[in-house]
Amino acid sequence: MKKMIVANWKMQLNIKDSLSLTKKMLQQLKFSSAQIVICPDYLSLVLISPLLKKTFIALGAQDSAVAEFGAYTGEISAVNLRQLGVKYVILGHSERRNHLHENSAIINAKIRVALSQGIIPILCIGEKLTERNNGEAESYLNSELHRALKGIKIKRARDLIIAYEPIWAISTNHAARPILASEADRIQTFIKKKAQRILKKKIAVLYGGSVNDQNAADFLAQKNIDGLLIGAAALQIKEFSSICSI
Ligand code: PGA
């Protein structure tokens, strides 16, 4: 199974810079053995979509709505994302949980709609620093998995992906510091086991949080790390290409 490298551009780039970064990637990332996915903001996504057709880079979105269509002012439908060629959608990112108060019930509804459209959800879960310090990371992750995946059924293992992103390790976080690759692997082994029990499929688990060109190889070398979800380091073409060529 190919490792995955997912670039989460968040709301960091304007449209011109998003297009320019995409073009540079298409020119410079030719030799990656990983499946590369880029997740631009919605407006850039519309313009980037035709550039990625029949290329080795897949298109992802940073979120999608709880319903296919309806009176949801400001929301973006997975149906329309699908029409634009979106293959993956990040759901439950900690920034949406924190800033937009998304809870597990909302995330669960979003997963259902994305799956109904054949879009692969990348479900983000991660503990806060206090949970980690209190030795409660695993129990938090386990209950979050149960809540977000309640009643979800998938046909194939690759229909859903999980990204383990310890909130305290995400680079935009004030106190961010990287986790040791071996520790991430230990926790991801736990997440895999629990997710497999819930979904009855072997689920791929990505790692995200302060990944850069210095530590990416260590993460990718771990047995239960099936790929990376990268924020800041995905915005620099040189750094991102060197991660993709590991
Ligand atoms: P980071 O972000 O790589 O900048 O820590 C990861 C993420 O938030 O998905």
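The values are calculated or read from the model by the stated rules, or taken from the named source; none is laboratory data. The structure displayed is predicted, hence computed values, not measured ones. Don't worry about glycine lacking a Cβ; one is built from the backbone with ideal geometry, like all the others, and counts go over all protein chains shown. The area values use the complete protein model at the heavy-atom level, side chains included, leaving out ligands, DNA and RNA. Shrake-Rupley method; radii C 1.70, N 1.55, O 1.52, S 1.80 Å.
Some observations on this one:
- Protein accessible area in region 4-244, 1.4 Å probe - carbon and sulfur %: 54
- Counting only protein heavy atoms and a 1.4 Å probe, the chain has 48 square angstrom of accessible area per residue.
- What separates the Cα centres of region 174-235 and region 1-79 is a distance of 20 Å.
- For the chain, relative contact order (Cα pairs under 8 Å, six or more residues apart, normalised by length) works out to 20 percent.
- Trypsin sites (Lys or Arg not before Pro) restricted to DSSP loop in region 95-184 with at most 15 other C-beta within 10 Å: Lys150, Lys153, Lys155, Arg156
- Region 1-110, dipole about Cα centre (Lys/Arg Cβ +1, Asp/Glu Cβ -1), debye to the nearest 20: 600
- Taking the chain as a Gaussian network of alpha-carbon nodes connected by springs under 10 Å, the highest mean-square fluctuation of the residues Asn215, Asn98, Asn133 belongs to Asn133.
- The orientation-averaged projected area of the convex hull spanned by the Cα atoms of the chain comes to 12.2 nm².
- In the chain, helical runs assigned H by DSSP with n ≥ 4 each contribute -39500 (n - 2.57); averaged across all residues and rounded to the nearest 500, the mean residue ellipticity at 222 nm is -12000 deg cm²/dmol.
- Exposed loop sites are taken as chymotrypsin sites (Phe, Trp or Tyr not before Pro) in a DSSP loop (any state but H, G, I, E or B) with at most 14 other beta carbon atoms within 10 Å; the longest stretch of the chain without one runs 73-246.
- Net dipole in debye of the chain [+1 Lys, Arg Cβ; -1 Asp, Glu Cβ; about Cα centre; nearest 20]: 1040
- Of Lys24/Lys200; Lys16/Lys150; Lys128/Lys193; Lys87/Lys194, those spanning more than 30 Å from alpha-carbon to alpha-carbon: Lys24/Lys200; Lys16/Lys150
- Computed 3J(HN,Hα) for region 67-75, one whole-Hz value per residue from the Karplus formula 6.51 cos²θ - 1.76 cosθ + 1.60 where θ = phi - 60°, is 9, 5, 8, x, 7, 10, 3, x, 8, glycine and proline marked x.
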